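Following: one structure in structure tokens, then a few remarks.
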Amino acid sequence: MSNVVIVGAQWGDEGKGKVVDLFTSWADVVVRYQGGANAGHTLVVGGVKTVLHLVPAGILHPGKKCIIGNGVVVDPEALLEEIDLLRSRGLLADATQLVVSENAHVILPYHKRIDAGREKQKAIGTTGRGIGPCYEDKVARRGIRVRDVLKEGALRTKLEERLLGGEKCELEPLLQWSLKLGERMRPYVGDASEVLSHEVAKGRAVLFEGAQGTLLDIDHGTYPYVTSSNTVAGNAAVGAGLGPTSIHSVIGITKAYTTRVGNGPLPCGWLDALVLRYAARVNGLSGLAMTKLDVLTGFEKILVAIAYQLPNGKTVSEFPSDPQLLEQAQPVYEELPGWKERLGDQREYQELPENTRRYIERVEQLVGVETIAVSVGAERAQTIVRKNPFRHP
Ligand code: GDP
């Protein structure tokens, strides 16, 4: 068995939830390695809807271990709400099924206040959940970690320092609030890196579940319209506490067209091969999963951006790293014949209309990465799997 990373290959909303759900059924361990409670999966199991933002959906399957890595920022209230919900459904009876890294940073109420205040001034498009300010504290080395909310003495000192540093809030209520939540989190807190390394040593299949998308990565995305963490596959190792050699394959999820979450530049609404080639480069993609192909049914012609025309008259075929160039880039399209057939019932790749297959294969050629899964509808069953990434070739 191998260990697989899933990343969004565009700007988020690629339909990762469905692919994560499918891959989770093949994995023994599911790990979140970055972001916070801004990701989200709505799962319907046995007619009951469960919304999870932090805890990987693997928690719905008894026996699968779920890990919230050190790279995640944990909102204790959101986490405990999910834990309570799961327990009320008879899940998570064994606390060792969930491990929250003691090194993960904690989102405190002042992080949310800062976030809300800033968003009014500058519209980056954050979700207002305190994620950015929490990551700022982490990098500024003044953050509060999960391990800190378990120890009153250490927490008091750290909060005192933090509040002296400018946060306007009263120490005592914040301290007591944090300790109370810390106490409730305690059964789940552990050394996630160590737990994970044991699982890997036992040959258990690990799924690293990325949130948001490649173009929202703090380093490789369309800065400053990005999220506060590294969303790319390389951070799966860092944010979970393993080395990169423990990862065997990286699957990029892409919609069959392009949209973006939040504000910032978006060169084109058709599928953008430059974006995908870029995602393949910065993530080291070994496979693609293409979602929402059903949405393209009915177009006479389907366009794919294969280059950008820049204001200086130059045409480039690589995604420009200069945001100013990106703002002014005009996509150069290739036209492919569309299809009229409704998609949704096909279960085998060969059942797809010829022009749908032609489209997928042209994208593979342009990106240089094979498509291992194709999604033709929102339902779990509406997925054609061409290759299981957990199986070594
Ligand atoms: P994420 O942000 O990447 O995790 O995206 P989600 O998993 O939340 O997906 C966004 C929406 O797309 C959800 O409402 C999904 O049900 C829907 N979706 C996923 N795959 C498909 C698909 O192949 N076709 C259609 N029509 N909808 C899909």
query = From the list Glu364, Glu300, which one is farther than 25 Å from Pro265 by Cβ, in contact (Cβ under 8 Å) with a residue 40 or more places away in the chain, of a type in the set (D, E, K, R) and more than 15 Å from the ligand (Cβ to nearest atom)?
reply = Glu364
ask   = Which of the residues belonging to region 238-254 are touching a residue at least 60 places away in the same chain (Cβ under 8 Å), in contact with a helix residue (DSSP H, G or I) (Cβ under 8 Å, 6 or more places away or on another chain) and surrounded by fewer than 23 Cβ atoms within 10 Å (Cβ to Cβ)?
value = Gly241, Ser246, Ile247
note = So, first residue within 8 Å of the ligand (Cβ to nearest atom) in region 1-23, second residue modelled with pLDDT under 90, Cβ within less than 6 Å, six or more apart or across chains; the pairs are Gly8/Lys16; Gly12/Val261; Asp13/Val261; Gly17/His41
inquiry  = Suppose we filter Ala329, Ala373 for residues that are under 26 Å from Asn3 (Cβ atoms), in contact (Cβ under 8 Å) with a residue 60 or more places away in the chain and surrounded by 14 or more Cβ atoms within 10 Å (Cβ to Cβ); which single one remains?
reply    = Ala373
Contacts under 6 angstrom Cβ, first residue in region 80-91 being more than 14 Å from Leu43 (Cα to Cα), partner modelled with pLDDT under 95 and not aliphatic (A, V, I, L, M), 6 or more apart = none
ask   = Quick check: anything in region 173-183 more than 22 Å from Asn103 (Cα to Cα), away from the ligand (no atom under 16 Å from the Cβ) and out of contact with any Lys or Arg (no Cβ under 7 Å at 6 or more places or on another chain)?
value = yes
request  = Just need a number here: residues in region 374-386 that are more than 10 Å from the ligand (Cβ to nearest atom) and not β-branched (Val, Ile, Thr).
outcome  = 2
request  = Filter region 61-77 for residues that are buried (at least 17 other Cβ atoms within 10 Å of the Cβ) and under 22 Å from Tyr135 (Cα atoms) and give the result.
outcome  = Ile67, Ile68, Gly69, Asn70, Gly71, Val72, Val73, Val74, Asp75, Pro76
Selection count, region 181-215, where residues are touching a His at 6+ places or on another chain (Cβ under 8 Å) and within 21 Å of Ser2 (Cβ to Cβ) = 0
Residue that is surrounded by fewer than 19 Cβ atoms within 10 Å (Cβ to Cβ) and part of a helix (DSSP H, G or I), where the choices are Arg380, Arg347, Arg362 = Arg362
task = Examine region 15-28 for a residue that is surrounded by 22 or more Cβ atoms within 10 Å (Cβ to Cβ) and over 30 Å from Asp272 (Cα atoms), and state whether such a residue exists.
result = yes
key: Identity of the residue in region 31-49, away from the ligand (no atom under 14 Å from the Cβ) and part of a strand (DSSP E or B), that ends up farthest from the chain's Cα centre (by Cα)   = Val48
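The values are calculated or read from the model by the stated rules, or taken from the named source; none is laboratory data. Model, not experiment: these values are computed from the prediction. Positions of Cβ are backbone-derived with ideal geometry, glycine not excepted, and every protein chain shown enters the neighbour counts.
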